[in-house]
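These notes concern the structure reproduced below.
The values are calculated or read from the model by the stated rules, or taken from the named source; none is laboratory data. Note that the structure is predicted; figures quoted are calculated from it, not measured. Positions of Cβ are generated from backbone atoms using ideal geometry, with glycine treated the same way; all protein chains shown enter the neighbour counts.
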Amino acid sequence: MGKAIRERFADFIIGTEYKDLPEEVVYQTKLCVLDLLGVALAGSNVGLAPLMTDMICEIGGKEEATIIGDGRKLPALSAALVNSVRGHTIDYDDGHRYAGGHPGVVVIPPAIAIAERENLTGKALIESVVAGYKTFICTGTAVNPSHLKRGFHTTGTVGAFAAAGACAKLLGLSKEETENALAIAGLQSAGLLEALVSGQMMKALHPGKAAQAGVMAAVLAQRGAVGPELIFEGDKGFFRAFSDVHGLTEISPGMEKNLGMINPYSQMYFKFHATCRATHASIDAALEICKEQGLGPRNIQEIEIETFPVALSLCGDIVCPDTILAAKFSIPFSVAMAISTGDLFVDKFTEENIKNEDIKALASKVKLSVGQEWAKAYPEKRGASVTIKTNSGQYFTHSLPFAIGARETEDSGSVDRLMMKFHSNSSLVLSEEQSKQLGDSIMNLENLSVRDITRLVY
């Protein structure tokens, strides 16, 4: 049978060295850190974040790692939990097309927490983030889309492995210890997509617990704890329990491809709307029509949207949401609010807009259906076709295979927009000068210590 899967993961985690990373990978890693910290700052006082922060700070403990947007310090285990919740509560963090989840929010907060505790360099952090992303992408791709269809939230389940891999790298664990860290993390995998239907506030708990699980797993392994040898491929292991994919013949080829990839960010995306990614192609196509034709809400009689089935299963049930968080999982309302406000930056998600009768009326004009073209193209493409019928009887249609922010679009403006997004997010907590200093420091991460960064996040 050869090496156990956890052993193969341990090999590449230990073998990930800064000196071997291509310049593009280092640059993209810094962009991922920049984006996540900005999103965590913007989400620091939203939804579950303040509740979780207050509860964990009441428990207290050794001051090891900084709370993003707050400045108080907690044990690394607790800081990873709190900061990951902050990084996901506005649903604005990065994602991976094939892995079906959000790697940054489960890798970067626990890695920063451990790196700050250990007073490590920015180069060490970059190594660990690359190792964590690869772990996430490799595992998520192996089990999806079956994993999602069964109702599991990849960010929470697969995220535990990714967080453990990043932390194991930072702690300098041996190969055996790294294997055990992954195994112990797998025993803590959790996350159900029922949180998209109601109780959306608690979706942010999934990455928080995954980040905490990764820290716990790595530290326990460092202390001698031992986990299941066949945590991935065993008869009662992760793959068989969490996916309809059975047998290494299906899993191994994809794993080996992802383990060996030079750039783990090749299928990554950054979000430019603060909603579930499944809504984005529809939003972008609708906005493009309105921009080209000079249309506004009052010109529109009906909006027909065809998209891929998973988008409808995640975001097709809610038309007029009752809460801000529910609005992020509604294609009709997201499209209507984007047309009405011009964009869906985080500042558009207000109680006033959620209750706006004009936006609700426009959302009720949206008709959703599965597009056979998009069903066949999924997951290679996650697109949408939007047709807007005007009050004067004209029809305008626009199709997009990818949403803005997907690397597949080769969009040269993505970095500029990402910087705008970062400063828009971070300025909700930091001054303009502080935001610039933090951004500049992150983009110079390889020449700094992690503590040089964490002293700037509040």
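The table that follows gives values for the structure above.
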| item | result |
| --- | --- |
| Test result for residue 142, part of a helix (DSSP H, G or I), small (Gly, Ala, Ser) and within 24 Å of residue 264 (Cβ to Cβ) | yes |
| Subset tally (residues that are touching a helix residue (DSSP H, G or I) at 6+ places or on another chain (Cβ under 9 Å) and either at pLDDT below 95 or not in a strand (DSSP E or B) (or both)) for the range 381-399 | 6 |
| Hey, residue 31 under 20 Å from residue 436 (Cβ atoms), modelled with pLDDT of 95 or more, crowded, with 23+ Cβ neighbours inside 10 Å and not aromatic (Phe, Trp, Tyr) or not | no |
| Condition check for residue 395: more than 25 Å from residue 268 (Cβ to Cβ) and not aliphatic (A, V, I, L, M) | yes |
| Single residue of the range 276-286 satisfying the filter (at pLDDT 95 or above and in contact with a helix residue (DSSP H, G or I) (Cβ under 6 Å, 6 or more places away or on another chain)) that is nearest to residue 193 (Cα to Cα) | 279 |
| Which listed residue, of 292, 304, is at pLDDT 95 or above, surrounded by 15 or more Cβ atoms within 10 Å (Cβ to Cβ) and not aliphatic (A, V, I, L, M) | 304 |
| Conditions (1) at pLDDT 95 or above; (2) surrounded by 24 or more Cβ atoms within 10 Å (Cβ to Cβ); (3) not basic (Lys, Arg): number failed by residue 119 | (2) |
| Residue list for the range 416-458, filter: crowded, with 21+ Cβ neighbours inside 10 Å and either touching a His at 6+ places or on another chain (Cβ under 7 Å) or not basic (Lys, Arg) (or both) | 422, 425, 426, 430, 435, 438, 442, 445, 450, 453, 454, 457 |
| Any hit, the range 80-89, residues being outside any loop (DSSP other than H, G, I, E, B), buried (at least 17 other Cβ atoms within 10 Å of the Cβ) and β-branched (Val, Ile, Thr) | yes |
| Residue in the range 357-378 that is within 28 Å of residue 87 (Cβ to Cβ) and modelled with pLDDT under 95 present | yes |
| Count - residues of the range 355-373 that are in a loop (DSSP other than H, G, I, E, B) and surrounded by 12 or more Cβ atoms within 10 Å (Cβ to Cβ) | 4 |
| Candidates 73, 175, 169, 149 - the one that is more than 16 Å from the chain's Cα centre (by Cα), in the same structural domain as residue 27 (by TED's automatic domain parsing) and closer than 21 Å to residue 40 by Cα | 73 |
| Inter-residue pairs, beta-carbon under 6 Å, first farther than 14 Å from residue 4 by Cα and in the range 178-192, second surrounded by fewer than 24 Cβ atoms within 10 Å (Cβ to Cβ) and not aliphatic (A, V, I, L, M), 6+ apart | 184/227; 192/151 |
